[in-house]
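Chemist: Have a look at this one before I ask anything.
The values are calculated or read from the model by the stated rules, or taken from the named source; none is laboratory data. Here the structure is a predicted model, which is why all the values come from computation and not from measurement. Please note: Cβ atoms are built from the backbone with ideal geometry, for glycine as well, and neighbour counts cover all protein chains shown. These area figures cover heavy atoms from the full protein model, side chains too; ligands, DNA and RNA do not enter into them. Shrake-Rupley method; radii C 1.70, N 1.55, O 1.52, S 1.80 Å.
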Amino acid sequence: MAVAAAAARVWGSSRGLGRVGLLLLRRSGARGLARSHPQRQQQPFSSLDDKPQFPGASAEFVDKLDFIQPNVISGIPIYRVMDRQGQIINPSEDPHLPQEKVLKFYKTMTLLNTMDRILYESQRQGRISFYMTNYGEEGTHVGSAAALDSTDLVFGQYREAGVLMYRNYPLELFMAQCYGNVSDLGKGRQMPVHYGCRERHFVTISSPLATQIPQAVGAAYAAKRANANRVIICYFGEGAASEGDAHAGFNFAATLECPVIFFCRNNGYAISTPTSEQYRGDGIAARGPGYGILSIRVDGNDVFAVYNATKEARRRAVAENQPFLIEAMTYRIGHHSTSDDSSAYRSVDEVNYWDKQDHPISRLRHYLQSCGWWDDEQEKAWRKQSRKKMGCKCLPESVHCPPRPWSSDTRSTAAQWAGQTLVSGSMCFLALPLTTSSWAHPFSSCLGLLTSELPAS
């Protein structure tokens with residue numbers, strides 16, 4: 001009877017089992033379960049008004065042949081809090097965050113932007129092998145990270161550096177990981193931008209697409225069984241949602257009732273494949289109901305909308321032990337990576353529109369200015385401070401490599417070269433001539449801008 005009762009809970013009336021099926025389960029018990037199905041399937045119905053008893057779905061009978069159209073829904077709405085000018089649309093949705101927290105949002109987003117520019121140019125100079133920028137998606141990182149508890153476990157894809165930065169991951173370690181030097185926690189075993197940090201509960205990023213999705217579900221199931229009162233958040237792009245791992249992860253999360261938040265960054269392109277060629281349905285949020293997952297679509301360029309949605313999803317995921325799917329609509333302003341030239345598949349005008357008209361950083365800046373919390377002088381001072389922070393604190397240390405045996409000839413040659421490029425006892429990061437990419441994205445800037453901010457030796 002214990003097994004029968006458990007089955008009754010799983011196959012309850014919401015799953016279409018019905019009162020008759022429950023009665024059969026109680027009477028026959030676990031051994032009679034297999035025999036009860038044929039009896040229930042052969043049960044006569046007096047009219048089409050009777051509800052079907054199939055265990056796989058809950059629906060009504062109809063007497064007209066009609067295939068379901070893929071556009072049966074006009075489109076899942078996009079939740080937002082601020083308009084493009086940073087004005088709160090509905091005061092009841094204002095998160096009413098304190099000034100210090102909103103300023104942390106802004107400074108994290110702009111510092112991430114500065115770090116991206118430096119490391120992007122570093123790769124163009126041949127100093128690191130690879131890099132991926134976060135231009136245009138800063139709001140999805142910071143808004144979601146701020147809504148989580150510091151102990152919530154994060155499974156990232158490869159464009160979530162802002163989540164780690166919001167959790168106060170040191171800038172030196174960002175640089176060390178991309179350079180693979182002796183300070184790198186992974187000891188150079190990973191590609192650049194594949195960050196990880198045990199202390200900040202950020203699982204090391206893997207290159208294979210979407211593998212983190214079922215892994216996150218497994219971690220969430222373990223947290224549920226341990227009553228850990230924590231949530232697992234899993235980030236991925238709309239391209240990764242086309243992988244089979246996404247289906248497996250969604251289905252397991254729903255059936256096992258795991259406290260996991262699936263956070264999809266729909267930035268318009270899966271490398272060079274636009275969404276029009278990626279799927280035919282209404283985005284990624286529309287898939288959630290098919291798996292039995294509560295879903296929402298938010299404006300990913302609105303940091304407050306991302307914050308509100310993630311905070312509520314976290315609260316309910318922990319309280320109710322169920323998964324949530326958040327689709328954050330945003331736009332990837334930069335190239336997919338330094339291996340990509342996005343001018344081959346999209347126009348500069350398209351990129352400029354999102355950069356100039358609907359950027360998450362400019363939207364939040366408008367909000368801060370309207371509240372009297374930020375002005376042009378503070379903006380100028382902070383930009384200068386952030387460049388100094390990156391230029392002085394991180395760049396000289398980033399080139400320190402593991403010691404290796406050198407011959408006397410190579411040592412002498414290296415000493416002569418280094419003698420011309422030393423700054424305050426450290427090898428100067430900006431010694432070599434600067435190069436630019438074939439397509440200068442709106443945020444591409446010359447590292448020479450940083451040299452003017454460095455203190456004199």
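Chemist: Testing the spin-label approximation: label points 7 Å from Cα along Cα→Cβ at Thr273 and Val182. State their distance in nm.
Modeler: 4.4
Chemist: Taking a 1.4 Å probe, which of Arg315, Arg365 shows the most accessible area, and what order do the others take after it?
Modeler: Values: Arg315 130, Arg365 55 Å².
Of Arg315, Arg365, the descending order of accessible area is Arg315, Arg365.
Chemist: Given the pairs Lys101/Lys384; Lys104/Lys224; Lys101/Lys389; Lys104/Lys389; Lys101/Lys224, which span a C-alpha to C-alpha distance of over 23 angstrom in this model?
Modeler: Lys104/Lys224; Lys101/Lys224
Chemist: Label Ser92 and Lys311 with points 7 Å out from Cα along Cα→Cβ: what is the distance between them in nm?
Modeler: Once both label points are built, they end up 1.7 nm from each other.
Chemist: Below 20 Å, Cα to Cα, which aspartates and glutamates can Lys356 reach? Residues fewer than 8 away in the same chain don't count.
Modeler: Cross-link targets: Asp83, Asp116, Glu137, Glu138, Asp299, Asp302, Asp375, Asp376, Glu379.
Chemist: Here is a follow-up. Give me the lysines in straight-line cross-link reach of Lys64: C-alpha distance below 30 Å, same-chain residues under 8 apart excluded.
Modeler: Partners within reach: Lys51.
Chemist: At what distance in nm do the modelled label points of Gln357 and Arg127 sit from each other, each positioned 7 Å from its Cα along Cα→Cβ?
Modeler: A separation of 3.6 nm, rounded to one decimal place.
Chemist: Give the relative contact order (percent, whole number) for region 254-401; include only Cα pairs under 8 Å separated by 6+ residues.
Modeler: About 28 percent, as a whole number.
Chemist: So for each of 76-86, 236-246 I average, over its residues, the number of other beta carbons within 10 Å; can you give me the resulting order with the highest mean first?
Modeler: Most protected by this proxy first, the peptides run 236-246, 76-86.
Chemist: Contour minus end-to-end for Glu172 and Phe67, with contour as 0.36 nm per residue of separation and end-to-end as the Cα-Cα distance?
Modeler: Net length gain for the segment: 32.1 nm.
Chemist: Taking the mean number of other Cβ atoms within 10 Å as a proxy for protection, how do you rank 52-61, 125-134, 200-209 from highest to lowest?
Modeler: Final packing ranking: 125-134, 200-209, 52-61.
Chemist: Show which aspartates and glutamates lie in cross-link reach of Lys380 when reach means a straight Cα distance below 15 angstrom and same-chain residues fewer than eight apart are skipped.
Modeler: Cα-Cα hits under 15 Å: Glu453.
Chemist: If you don't mind, there's one more thing I want to ask. Protein chains only, probe 1.4 Å: how do Arg287, Arg314, Arg265 rank by accessible area, largest first? Display every interim value, and only then the final one.
Modeler: Details: Arg287 65, Arg314 40, Arg265 5 Å².
Solvent-accessible surface, decreasing: Arg287, Arg314, Arg265.
Chemist: So for each of 342-348, 317-323 I average, over its residues, the number of other beta carbons within 10 Å; can you give me the resulting order with the highest mean first?
Modeler: 317-323, 342-348
Chemist: Okay, moving on. Please report the net charge: other residues with Cβ closer than 13 Å to the Cβ of Val193, K and R +1, D and E -1.
Modeler: Taking every other residue near Val193 into account, the sum is -2.
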